Each structure stands twice: as structure tokens, then as C-alpha cells.
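Data block below; observations after.
The values are calculated or read from the model by the stated rules, or taken from the named source; none is laboratory data. If you're wondering where the values come from, they're calculated on a predicted model, not measured in any experiment. FYI the Cβ positions are ideal-geometry reconstructions off the backbone, even for glycines, and counts take in every protein chain you see. For accessibility, only protein heavy atoms count, side chains too; no ligands or nucleic acids. Shrake-Rupley method; radii C 1.70, N 1.55, O 1.52, S 1.80 Å.
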Amino acid sequence: MRAALLIQRWYRQYVARMELRRRCTWNIFQSIEYAGEQDQIKLNNFFGYLMEHFTPANSERNLISHIFRENEVCRDTEWERYFNYVNIELPEFYSGPRLTFPLTATHAAELVEAFRNKQQLHSRYVLQLLLETWKLLRILPNINHVSTCQCKEIIICGDLHGQLEDLLLVFYKNGLPSLETPFVFNGDFVDRGKDSIEILLILFAFLLVYPNDIHLNRGNHEDHIMNLRYGFNKEVLVKYRLHGKRILKLLHKIFSWLPLATVIDKKVLIVHGGISDTTDLSVIAKLERHKYVSTLRPPEQKKKQESTGLDSKDASFGPKGVGSGQRLTHGSPHRSLQNLSSRVHRSVEEELREQRRRAGFSLSHGDLQGHLLTPDSDSCKGHETNGDEWKQIVDLLWSDPMPQNGCISNEARGGGCYWGPDVTEGILGKHNIQLLIRSHECKQDGYEFCHNRRVLTIFSASNYYEVGSNRGAYIRLGPDLVPHFIQYQANRTTRKLTLRQSVGQTERSALRALREQLFAHKSDLISAFQEYDEEKTGWISLNSWASAVESVLRLGLPWRVLRSQLVTSAEDGLLDYHSWFSELAIKEPNTEIPHQSLLETMYRHHSNLETIFRIIDTDHSGLISLEEFRQTWKLLSTHLNMEISNEAISDLVASIDFNKDGSIDINEFMEAFRLVDRSKAEMGETCR
């Protein structure tokens, strides 16, 4: 009996240690993910700054202006002609699925089977399917209302993020969507995974067949600005090289027409992100959702102020159309970005902070409504209404719950809010709702209750961060409105792993990502370490190491807990911080670039750099000219408020234009300057 108790105690301690390691690993993944989203919003805000503070004649502004012109074909009657598929011929050797319209359940099922077998739908059918979907979405309301009285259960799925395996597993367990098996898919169908376009086509096909039984909510990744960074644009252009640009254009239009919420039996509200203390379903039901092609930037206002030659310090720096509605133009039409920092009254970073403040991202949500409804000197009613609408949509798609009462800006993501239990009680009580179902956050078990079980997060992409990192889950909701959860792992190898193997594998992946972050901030970290090394000995305490690392990376991680896995050479509690970087086991690219600061910039802002490349590559060829490459670096250096000399950029160009053809392959360039875990690289070389 005593032996059994000892074994039981040991096992409980073992499970507790594994759980602690798993939670710590989870925090690493989530902190890095949210930091990336925040970077993307900052970059987009910077682009908005350029659009508002430079004239159309400015060359740098022209590089990025096309991403804000998604509504340029604005008349609905022109869209069918613009995306005409009739003139696209099917090659004789095409063996993929064939569609005829109107679609039937058989067509949709055949499409699922074709994608399961790695077949590709021809672009002619893709465009036709997307056009029919767009026509249907235009007549759907902002908030879908669903009843359980005509079915046994409704299946509710969270984020899928391009992971087709998870969707196929959900269909395997429940059957395909039908009159008897309705589904609600709660946004974030695309990005990160490799099969985003296939997931969209499947969901759209079933939507056309069963428009009253499959419901699609918009997520924060159904946004063309997010797609630039997180892979969906690249995926479509690789799979559909000839007609990919047209397909993306139509998808951007479709994303703006996706409904924003679903309500079941007037008691269960389903939205992608969440709510705020100003959420009003009556406002959401009436707004024109299709105007918000990107929720990161409100639509352009009709009223524009003529150029008066004002300098930016005289501008009313509104949140891209929400505040003043003004578009500032500079006196000189060819004003260079390099003069920006010296010519404006405040630095770019200060301007962006002010822009975010006026946009409401740094205000408490309690104060925000009053801020938006207080007109600036040149505001008009139309601007105020659009500002309030935009805020409602951003909150629905970007917000996260928090355990404390209140409603504060979501600084971790850079958009939406954190809302507390008191806000849940108030908003749900106001609308007579008993349960809020949302997604947006990866959960280790696939689901999680909070706020006295009145808020439920559901996440359907298993193995999201790494194989074994999390389960996926979906909800079965019957007439009693009591949610029942089904968890799963779509990757078969994961099911064979023990708890120790699963935690260990995920932990190694998280630490590898964290070491890359540390190495990419080498210069800043050394400067921070030197502040603690007052006597210039080259040694600091481990506590000082932890404080310095957090001050630079700002990831909110338990560095004192992690230091045993990141620091192995400390002597008597002291660390030689110059030699410590070799412990990170990061293999740098083989380059002969003399400018170390330029390399660090590439490592640290790898995703931002690739995003700008994708924007500048307007013909989606994967190639940019040397001049466009230089312009990319000018944009990035101005965004970061740092100096990068023309000499450094020229040296970089000389080192990568191997065949001297005057163009640069984006994919090859980004891969050439990617940091690699040394142990992983050596393992790969050994296997050759």
C-alpha cells in the first residue's frame, strides 16, 4: 500500500512538471505569435502614414499605394466582367474535378475527395465558384440567425488556418455539411497552413449548396493585409501562377462580404475575436461590412481636403479616416523618405503612437467612444459614423478575454481590446445572450471556458505551433444549448507519442524559435548587458541577464525559469555575455556582407522585409528589380526610424545578384538570410 502511494505521488509530481513545461512552452509560442501580429499592424500603420502624408507623385508612396486601392473596381455590375472565366480554356490533360452550376451536394463531395487526393481545381472553376459565392454573400445579413429546432445538433468549428487535415477529420467524424448536419465556421480559414485555398473552396461549395445550413463568420485573417505576411497570398500565386492575381482580387472582395457574427436560438452569440464595452449588435447589424476590405484600415472617405502645402506638424493626425478625415500633402511632390525624420515635427515613431492613440488602440475602451464621437475641427457626421463602425468590427475580430474586470487596449496583438467578466455580463445581459463562443486564440486542449463559463474559446487547428503542441476541437450544440466538445489530433504520428515525448518535442521547437529571437537582437542585448556591467568586465549576474533580455524582447516570458535551458556556461552565478551568443547554436548565412547591422536588421525584421517585397512585386512574378530592392530598404529603414546607408544597400545588392541579371528572386533572398538552428542544420547535413 505504501509503495502504491509513493508511485502515485511520484506520478502526480511527474505530470505536474510536464504541465509546467508545457505551459512555459506555450507562453513562448504565443508571445512570439502576438509580437508578429503587432509588428504587422505597426507596419500597416506606417503605410497608412505614408499614404496620408505624401502626395501621389511621391515614388516611395507609389510603391505601396496599390494595397489601399482594393475597391478600385467599385461597381458591382463590373465585377463579373472583370473576372470573366468563360475565356479560360481547360487543357485536354486536365484530370482534376469538374464543376457545373448550380452546384449539387455531389459536386461538393467530389471536391472534398479531390483535395484529399492532392488534386487541384482548375482556375476556370475557381473563378466561377468564387463569383457565385460573392453573389450569395451579398444578400446575407451581417449577423446570421440560426435555429436548432430543425436539427439535432449544430457543429461549430474555430480557426483552421489552412490545415486541411483538420477539416477532413471533422467531416469524417460528423459527415459532410447537409440539411441534417449544419455547420458554423468561425473565421481564420486561411494563412499559416499550406491548404488555405482548398479549405475556402470546400466551404464556399457547401455554402452554395446549403446556404441556410452552413454559416461562415469573418476572422481577422480574412484580410488582404494579413495575407501578405502570413502566407495565403504566396500560396495562391504559387498554385495558380497564371490567374492567381485575379483569384486573389476576388477573394479580397469576398472576405469583405463575409458575415460578422452568428446567433443561435437568440441565446448563443458566435464571433471570431470577442466584444468590448461598446459592442452593440444593433449597430453591427446595420453597418456596411463590405466597405472594410481590410479591418486594419478604415475605408477611404469621399471627402478629401485639397493640398495646401502644409507641413506634417500642422496636420490633424487622424486615424486614417476616423478622425479628421484629412489627407495631408507635402509642399514638394517628390519629397524623399530619407528626409522624413528631419522634416516632420515629431519622429515617425511618435507620429505612429499619436496615430494609434487617435485610432483608439492606446485608449481605454471606456473612453474611446467619447473620443470617436468628439469631432475634430474638420470632421463631419459621416466620418464619426465610420469610425464607430470600424471600431465595432475591429473589436469583433481582434479582441481577447482577460480575467480582470474592465476593458483595455490589446497591446499584445496591437488591435482590438482585452475585456473582462464585467463587460461579458453587461454586453450579454444587454442583448439577452447566455453564451459567447469565440475563437482567435490557440488553446492547448482545443477549447477553454472563462468568465464564469459564459465565454467559450474554440480552436480547431491541431498541432498549430508544432506537432504535439495542441489538440484541435469543435463543438456540438443541441437544442438545450449545452456545448459538447470533441477533441482530436489530425497528425497520426502525434497520437503515438508519450506525454514526455510530446512535451519534449514541442519544447525544443519553442526554444529554437526563442534562440533565433535572441540572436536577432544581439546588438541591443549586448548594449542592455553593458548597462548592468558597470565595471566593463564582460560578466553579469543571471538575474541581470533575465532583466536585460526582457527589456529588449518585451515578450513577457519567465526568463528566470527559462535561463537553465538558455544559459549553460554560467560560473558562480555570473555569465560571460559576449561568448553566451555561441551557446544559442544559431547558424548564420554564408555571406560576405561587411555591414553587421544590416544583417541583424534582416534577421530581426525578416517578416516585415518579406511583406514589403510582396507588396512591391505588383506583377507577382517573384522577382523585383535592383531599384525596387533599394526602395524596399528605404521603406524599411524609415519604418524602423534608422539609418541604412546607400553603400550598405549596394554591398548587399552585389552579394546577392549572383547572375548579374538586374533582378532578385524574393524567395531565394529570404531563404538565404534565414537564421537556422545549428544542431538542426548539422543533422540535415549528416543525413545527406
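Between the stretch 627-641 and the stretch 12-45, what is the separation of their alpha carbon centroids in Å?
For the stretch 627-641 versus the stretch 12-45, the Cα centre distance is 30 Å.
Quick check: pseudo-label points 7 Å beyond the Cα along Cα→Cβ at ASP422 and HIS484, how many nm apart are they?
3.9
Which residues' amide hydrogens lie under 5 Å from the amide hydrogen of TYR474, considering only partners 5 or more residues apart or on another chain, with H built in the peptide plane?
Excluding prolines and chain starts, which carry no amide H, the hits are ILE486.
If amide hydrogens are placed 1.01 Å from N in the peptide plane, which non-local residues have theirs closer than 5 Å to the one on SER147?
ASP265
Take the cross-link list LYS249/LYS443; LYS118/LYS245; LYS42/LYS239 and give me the ones stretching past 27 Å between alpha-carbons. Kindly include the intermediate steps, with their values, before the conclusion.
Working: LYS249/LYS443 33 Å; LYS118/LYS245 22 Å; LYS42/LYS239 30 Å.
Those over the limit are LYS249/LYS443; LYS42/LYS239.
Residues with amide H under 5 Å of GLY446's amide H, sequence separation 5 or more or different chain, H placed in the peptide plane at 1.01 Å from N; which?
Amide H to amide H, under 5 Å and 5 or more residues apart or across chains, GLY446 pairs with ARG471.
Can you send over the carbon and sulfur percentage of the accessible area for the stretch 420-573, probe radius 1.4 Å, protein chains only?
Numbers: 2970 of 7020 Å².
Of the solvent-accessible surface of the stretch 420-573, carbon and sulfur hold 42 percent.
Could you give each residue of the stretch 246-258 its phi-based ³J(HN,Hα) in whole Hz, using Karplus coefficients 6.51, -1.76, 1.60 with θ = phi - 60°, and x for Gly or Pro?
5, 4, 4, 4, 6, 5, 4, 5, 5, 4, 5, 9, 5
Could you calculate the contour length gain from SER582 to THR498, that is, 0.36 nm times the residue separation minus the distance between their Cα atoms, to one decimal place in nm?
Details: separation 84, 0.36 × 84 = 30.24 nm, distance 3.21 nm.
Contour length minus Cα-Cα distance gives 27.0 nm.
With a/c under 1.5 counting as rounded, go ahead and sort the stretch 151-256 into rounded, prolate or oblate using the C-alpha gyration tensor (a ≥ b ≥ c being the square roots of the eigenvalues; past the cut-off, prolate if a/b is larger than b/c, else oblate). Kindly include the intermediate steps, with their values, before the conclusion.
Details: a/c = 2.00, a/b = 1.85, b/c = 1.08.
Verdict is prolate for the stretch 151-256.
From the phi angles alone, apply the Karplus equation (6.51, -1.76, 1.60; θ = phi - 60°) to the stretch 217-226 and give each ³J(HN,Hα) in whole Hz, x where the residue is Gly or Pro.
8, 6, x, 5, 8, 7, 7, 5, 5, 5
Jot down the per residue volume, in cubic angstrom and as a whole number, of the convex hull over the alpha-carbon atoms of the stretch 420-500. Kindly include the intermediate steps, with their values, before the conclusion.
Numbers: hull volume 8.7 nm³, N = 81.
Convex hull volume per residue, Cα atoms: 107 Å³.
Hey, rough spin-label estimate for GLN434 and ILE7, points 7 angstrom out along Cα→Cβ, what's it come to in nanometres?
4.5
Label the stretch 386-453 by shape, choosing from rounded, prolate and oblate, from the square roots a ≥ b ≥ c of the eigenvalues of the Cα gyration tensor; if a/c is under 1.5 it is rounded, and otherwise prolate applies when a/b is larger than b/c, oblate when it is not. Mind showing how you got there, number by number?
Working: a/c = 1.58, a/b = 1.14, b/c = 1.39.
Oblate shape, in that a/c is at least 1.5 and b/c is the bigger or equal ratio.
Report the Cα centroid-to-centroid distance between the stretch 213-291 and the stretch 432-498 in angstrom, as an integer.
21
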